[in-house]
Structures are given as C-alpha cells and as structure tokens.
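As structure tokens, the structure follows; a few thoughts come after it.
What follows is calculated from the coordinates using simple rules that are stated; it is not laboratory data. Since the structure is predicted, the reported quantities are computational estimates derived from the model, not experimental observations. Ideal geometry is used to build each Cβ from the backbone, glycine not excepted, and the neighbour counts take in all protein chains shown.
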C-alpha cells in the first residue's frame with residue numbers, strides 16, 4: 001500500500017501523524033513462501049542484502065496450495081511442516097522496516113509495529129521477531145502490554161475459528177492507542193516549547 005501510495009486514496013487533505021502495523025508471527029509465512037496466497041507481493045534480498053520486490057506469488061503451485069489450505073486440517077497442520085529459518089524472520093522484519101521508512105519519509109510521522117503473540121507459533125520465533133524489529137529501530141508495542149491476559153484467554157479476544165481480534169479486543173487496543181498518542185503528542189509539544 002505504501003509503495004504504491006494507496007493510503008492516499010480518499011485522504012488527500014489528511015496528513016497522518018502516526019501509523020500502526022499489526023504484525024503476527026504468521027506474517028513470516030505470508031511473505032516468504034509461495035504456497036500461502038496467490039497474487040500477493042513477493043519480496044527477497046539481493047546479493048547485497050537489500051530488500052527488493054521480485055514480483056508476485058502467482059504460480060501454479062500457489063494456486064494448488066491456495067485450495068488445499070482451505071481444508072481446516074491441512075491449514076492446522078501447515079505450520080508443523082515448515083521450519084522457520086533466520087532469513088525468513090529477517091525478511092519479515094525488513095518488510096516492516098521498509099514500511100516504517102516510507103511512512104516516516106512521506107509524512108514525518110511515527111510508525112509503530114503492534115506485535116501479537118500467537119499460541120500456535122514456533123517456540124522462540126516471537127522473541128526473534130521482536131529482537132529483529134528493535135535492532136532495526138522499529139518502535140514496537142506488544143499487545144501483551146495492552147491486554148496482558150489475552151494469551152491465556154484467546155476465546156475472549158479473538159474471533160471464533162478466525163484468529164483476528166474481535167470488537168472487544170479492538171476496543172481495548174483503540175483506547176490504549178488513543179491515550180498513547182495523546183501522551184506522545186503532549187511530550188513532543190513540551191519538547192518543542194522548551195527549545
């Protein structure tokens with residue numbers, strides 16, 4: 001969206017002061033493996049370690065996998081067949097870092113990554129993503145800071161058989177972020193006044 005300036009559609013007179021990217025561990029697979037979803041953008045590292053867009057996931061393998069993963073059984077077993085490598089985590093982190101850079105350069109605003117912990121994720125992957133984002137100087141807000149009990153009570157905060165946040169979770173997060181942005185804004189105003 002940011003690379004194609006799609007966020008500007010319908011908001012020409014608005015200048016955002018902040019952006020929040022909601023990240024889950026599963027985004028590693030969406031960005032790395034061609035068998036996740038057809039017609040999604042594909043990013044890779046060149047030999048110099050620079051992130052670039054290398055086209056779209058739209059081959060026959062992707063189309064077949066797309067229909068296979070509609071099966072609830074295969075969808076559930078999918079993570080057990082994939083061994084996440086450090087380069088996969090690095091790719092996800094680099095994609096988020098690219099988004100942050102584009103947003104900051106375009107709007108001089110703040111970019112935050114809202115990071116969700118998942119029950120089904122491979123052990124230790126969340127910590128590696130968090131470490132990678134912090135190494136790249138991406139501001140991270142962990143959802144556990146907002147809703148400490150959500151990992152022990154997924155049914156209360158996530159949509160049934162879907163996994164996305166429900167209205168209750170979104171209300172808690174929205175309240176937190178509104179207060180957070182107000183504090184950040186007041187802090188920045190105070191700095192500029194004292195200078």
Taking 115, 181, 161 and counting other C-beta atoms within 10 Å, the order from fewest to most: 161, 181, 115
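Order of 111, 45 from fewest to most other C-beta atoms within 10 Å? Mind dumping the intermediate values first?
On the way: 111 21, 45 14.
Lowest count first: 45, 111.
Order these by the 10 Å Cβ neighbour count, fewest first: 12, 164.
Listed from fewest to most nearby Cβ atoms, that is 12, 164.
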Would you mind calculating the gained length between residue 118 and residue 181 on full extension (0.36 nm times residue separation, minus the Cα-Cα distance), in nm to one decimal? 20.1 nm
